[in-house]
Amino acid sequence: MNEDPSKDMGDDNALLYEVNDHIGVITLNRPEAMNSLTYQLYADLEDTVRTSQARVLVITGAGRAFCAGDDVKQILGNPEPAPAEFRARAKATGGLTPAADALLYTDIPVIAAINGPAVGWGMELALMADIRVASENAKFGELFVIRGLCCDAPGLGRLAQLVGRERAAELLFTGDVIDAHSAQAMGLVSRCVPHGDLMPTAMAIAAKIANNPPLAVQALKAGLRRTVEPDWRDTGHWAIEQITRLRATEDSKEGVAAFLEKREPVYKGR
C-alpha cells in the first residue's frame, strides 16, 4: 500500500520521493548531470527530509551516478552569491548547509544506496547516512581540495569516525577517488553488493528497521547523535566560513576552470 502519494519536487522532477510501507525513497533525478546539486535540488532535499513522516529513508541516484556534488556551472563556477531564498535558509541553520542540517538532525534512520560515483558533496551526502550500501559500481572521493576548497561538516565530523583519522586525512588531503571494495575494506560502507542487488539489499535493511517500534528507533538515533557526534552547526558554520574564504582565491578559481576546460590545474598558493 502506498501510504504517502508519490510526489516529484523541484524543477524538472530533479528529486523524486515515494513512501511505501513506512519506507521513504528519495531519488536524485538529474542523471544527465550525474545528479549534481543545484540550489533548488538542495532545497528540495532539505524540505523532503524535514517533512517526511517515514520510519526510514533510503537515498539513491538515478542513472549511473549517486551524486557528483555541486553543479559546477551554477554553484562553483558562478561568482554571484546564492539567491536570497537560499541564503536565508543558511542563516536559519547558523551557516550549516541546510540540507546537511536536515539530514544530521533528523531522528529518521537514513540509508544511502550508492549506485555510482559519490564525490564532492555527493560523498558528504553518503557520509550523512546511518548505513551505507554500495553497488560495485560506486566510487567515493572528497574532491574539495582539488577545487581549492574545504569540505563540508560531514567530511570533517563523520569520515574520521568511519575510517580513522589517518585514512580520512589521506582522502581529504589528496582528493583521491576510491572504488567500492576499497571503501568497504576501510569501513566507509558496510556492504558492497552487485549492482542489481543494491536496492533489494537497501530496502531489506530498511524494512527490518521500519518493522521495529519507531519511537525506540528514533530514540536510539538521537542517542547516537548525542554521544558520538560534534556540534554540527558549529562545525558547519566554520566549514562554510572556510569555503567562502577559499572560493575567492586564485587556486579555487583555477580548480574550477581546469575542471571545465578538462585540463590539469596549476596552483599558486594564493
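Averaging over every viewing direction, what projected area does the convex hull of the Cα atoms of segment 1-160 cover, in nm²? Show your work: numbers first, answer last.
Working: hull surface 37.3 nm².
Value for segment 1-160: 9.3 nm².
Among beta bridges identified by DSSP and lying wholly in segment 36-172, the antiparallel ones come to about 0 percent. For the chain, the spread of Cα positions along the three principal axes, ordered from largest to smallest, is 56, 41, 38 Å.
Ranked from the most accessible area to the least, with a 1.4 Å probe and all protein chains present, what is the order of LEU127, LEU224?
Numbers: LEU127 0, LEU224 100 Å².
Largest accessible area first, the list is LEU224, LEU127.
In order along segment 256-266, the phi-based Karplus estimate (6.51 cos²θ - 1.76 cosθ + 1.60, θ = phi - 60°) of 3J(HN,Hα) comes to 5, 4, 5, 4, 5, 8, 6, 9, 6, x, 10 Hz; Gly and Pro are listed as x.
Projecting label points 7 angstrom from Cα along Cα→Cβ for GLN242 and ALA160 puts them 1.0 nm apart. Under 26 Å of direct C-alpha separation, and excluding same-chain neighbours fewer than eight residues apart, LYS208 reaches these lysines: LYS7, LYS221.
Would you mind computing Rg(Cα) / (2.2 N^0.38 Å) for segment 205-270, counting N as its residues? Don't skip to the answer; put the middle values down first.
Numbers: Rg = 20.9 Å, N = 66, 2.2 N^0.38 = 10.8 Å.
For segment 205-270, the normalised Cα radius of gyration comes out at 1.93.
Pairs of Cα atoms nearer than 8 Å and 6+ residues apart set the relative contact order; for the chain it is 18 percent. Amide H contacts of VAL193: ALA134, SER135, GLU136, each under 5 Å away and 5 or more positions distant or on a separate chain (H built 1.01 Å from N in the peptide plane; Pro and chain starts excluded). The magnitude of the dipole of segment 7-85, with charges of +1 and -1 set on the Cβ of Lys/Arg and Asp/Glu and taken from the Cα centre, is near 280 debye. Between ILE59 and ILE26, ILE111, ALA112, ALA113, the built amide H atoms are under 5 Å apart, and every one of these is 5 or more places off in sequence or on another chain.
For the chain, what does the accessible surface come to per residue with a 1.4 Å probe? Please give it in Å². Walk me through the intermediate numbers first.
Working: 12720 Å² over 270 residues.
Heavy-atom SASA per residue in the chain reads 47 Å².
If you line up the long axis of helix 232-247 against the longest principal axis of the chain, both from Cα atoms, how many degrees apart are they, to the nearest 10? Value to nearest ten degrees: 30.
Longest span of the chain, sites excluded, free of GluC sites (Glu not before Pro) in DSSP loop with at most 15 other C-beta atoms within 10 Å? Longest site-free region, per DSSP loop and neighbour criteria: 137-270. Using heavy atoms of the protein chains and a probe of 1.4 Å, the accessible area assigned to ARG147 is about 40 Å². Please report the carbon-and-sulfur percent of the accessible area for the chain; probe 1.4 Å, protein heavy atoms only, DNA, RNA and ligands left out. So the carbon and sulfur contribution to the accessible surface is 54 percent.
Protein chains only, probe 1.4 Å: how do PHE144, PHE259, PHE66 rank by accessible area, largest first?
On the way: PHE144 30, PHE259 100, PHE66 0 Å².
Largest to smallest exposure gives the sequence PHE259, PHE144, PHE66.
Rolling a 1.4 Å probe across all protein chains gives ASP231 an accessible area of roughly 90 Å².
Suppose every Lys and Arg Cβ carries +1 and every Asp and Glu Cβ carries -1, with no other charges. What dipole size does the chain come out with about its Cα centre, to the nearest 20 debye?
Details: 28 positive and 36 negative charges, 104 e Å.
My answer is approximately 500 debye.
Go ahead and estimate [θ] at 222 nm for the chain from helices alone: -39,500 (n - 2.57) per DSSP H run with n ≥ 4, summed, over the residue count, rounded to 500. Value at 222 nm, helices only: -13000 deg cm²/dmol. For segment 112-245, a Kirkwood hydrodynamic radius built from all Cα pairs, placed in the Stokes-Einstein relation at 10 °C and 1.306 mPa s, yields a translational diffusion coefficient of 102 µm²/s. With the gyration tensor restricted to C-alpha atoms of segment 42-96, the semi-axes of the equivalent ellipsoid amount to 23, 19, 8 Å, longest first.
Extension gain for ALA88-HIS181 works out to 29.5 nm (0.36 nm per residue, less the C-alpha to C-alpha distance).
The values are calculated or read from the model by the stated rules, or taken from the named source; none is laboratory data. As the structure is a computational prediction, the values presented were derived from the model and not from experiment. Ideal geometry is used to build each Cβ from the backbone, glycine not excepted, and the neighbour counts take in all protein chains shown. The area values use the complete protein model at the heavy-atom level, side chains included, leaving out ligands, DNA and RNA. Shrake-Rupley method; radii C 1.70, N 1.55, O 1.52, S 1.80 Å.
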